[in-house]
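**Q** Following this message is one structure expressed as structure tokens.
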Amino acid sequence: AVVSTQSTGIDEGKQRKRGKGVGKRRKGEGEPEGPDGITGGGDGSGDPNGSGGPGGPGTNNGGIPAGPDGVGEAGDGDVTTGFYSTATYATTEAGPTEAPDCTGTVNADGTCVHEQLPTCECWNAECGFCTNTECTVKQNLPDNKEGIEVSVTHEVRRQKVNTLVLFDEEGNLLGKFHYSLLKLMLTHCLSCPTPALLRMASKKQVSTWDISLKNGVMKIMIEGQVYWRKVLSPDCFEVYSKAKRFAFTKMNCDSSFSYVPDQMEVGQLMSAGCEVCSEEE
């Protein structure tokens with residue numbers, strides 16, 4: 001598979017030595033407006049689908065020449081250590097198929113099916129504007145692994161930004177994962193274009209995104225295929241390795257997530273009658 005790599009926030013001198021281009025990112029750019037200002041990742045006034053400046057055309061360690069977005073793609077073994085670390089995603093073909101460990105009902109075709117619960121909106125007074133743990137899902141992954149893993153079924157759109165809010169076990173906000181068909185963003189740690197194959201697999205249709213953040217690696221899969229994979233920098237790993245709870249905001253009105261009873265503890269306010277989407281939706 002051919003992969004593309006984007007890096008930002010690294011010392012420009014080091015980038016030039018590596019032969020990679022350096023993009024510039026303005027304050028607040030690429031951050032959704034509204035509730036997202038509380039994350040500290042910017043003032044929340046930027047274009048939710050904004051992007052940084054174009055990267056240089058260079059190559060790295062025998063890497064692949066720059067792609068159409070002007071970002072040099074890294075060669076084998078390239079690992080960045082800055083605050084914004086390497087984002088790797090498919091560009092010509094999807095990643096390998098991973099067999100999910102099913103704890104629900106397995107259909108005749110081998111697919112794993114869990115009960116679907118609404119993606120309750122946490123940005124309201126009842127939920128303390130995403131601070132009430134009764135509006136979150138606490139997750140206990142198998143083998144005492146740290147992190148979260150959630151399957152969200154919805155129609156992902158280009159201009160509509162969906163947000164997964166991440167907390168530690170006590171309910172302290174760690175950051176937010178914003179995503180659309182245009183861009184993927186994790187507070188303080190990444191901002192990159194949504195891969196073309198992921199857009200194609202989701203455009204104008206309902207799809208289930210398996211979003212996981214475990215062991216310092218963030219992935220998005222559809223039907224067992226890895227469409228996007230990101231290795232967090234040490235700084236980001238230290239923050240997001242504490243993730244034990246998640247909540248939803250700015251989701252589509254018809255969105256749902258898979259409830260895995262032996263892994264998840266659902267807050268009392270995340271019921272079938274909860275507010276699912278914002279009024280603007």
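**Q** Going down the table (Lys183/Lys214; Lys176/Lys219; Lys214/Lys244; Lys183/Lys242; Lys183/Lys219), which pairs top 18 Å between alpha carbons?
**A** Lys183/Lys214; Lys183/Lys242
**Q** Is there a quick way to get the dipole size of the stretch 110-256? I mean about its Cα centre, with the Cβ of Lys and Arg at +1 and of Asp and Glu at -1; what is the value in debye to the nearest 20? Mind dumping the intermediate values first?
**A** Details: 18 positive and 16 negative charges, 158 e Å.
Result for the stretch 110-256 is approximately 760 debye, rounded to the nearest 20.
Readers should treat all values here as calculations from the given coordinates under stated rules, not as data from a laboratory. Since this is a predicted model, take the numbers as computed values, not measurements. As a convention, Cβ positions derive from the backbone with ideal geometry for all residues, glycine included, and neighbour counts pool all protein chains shown.
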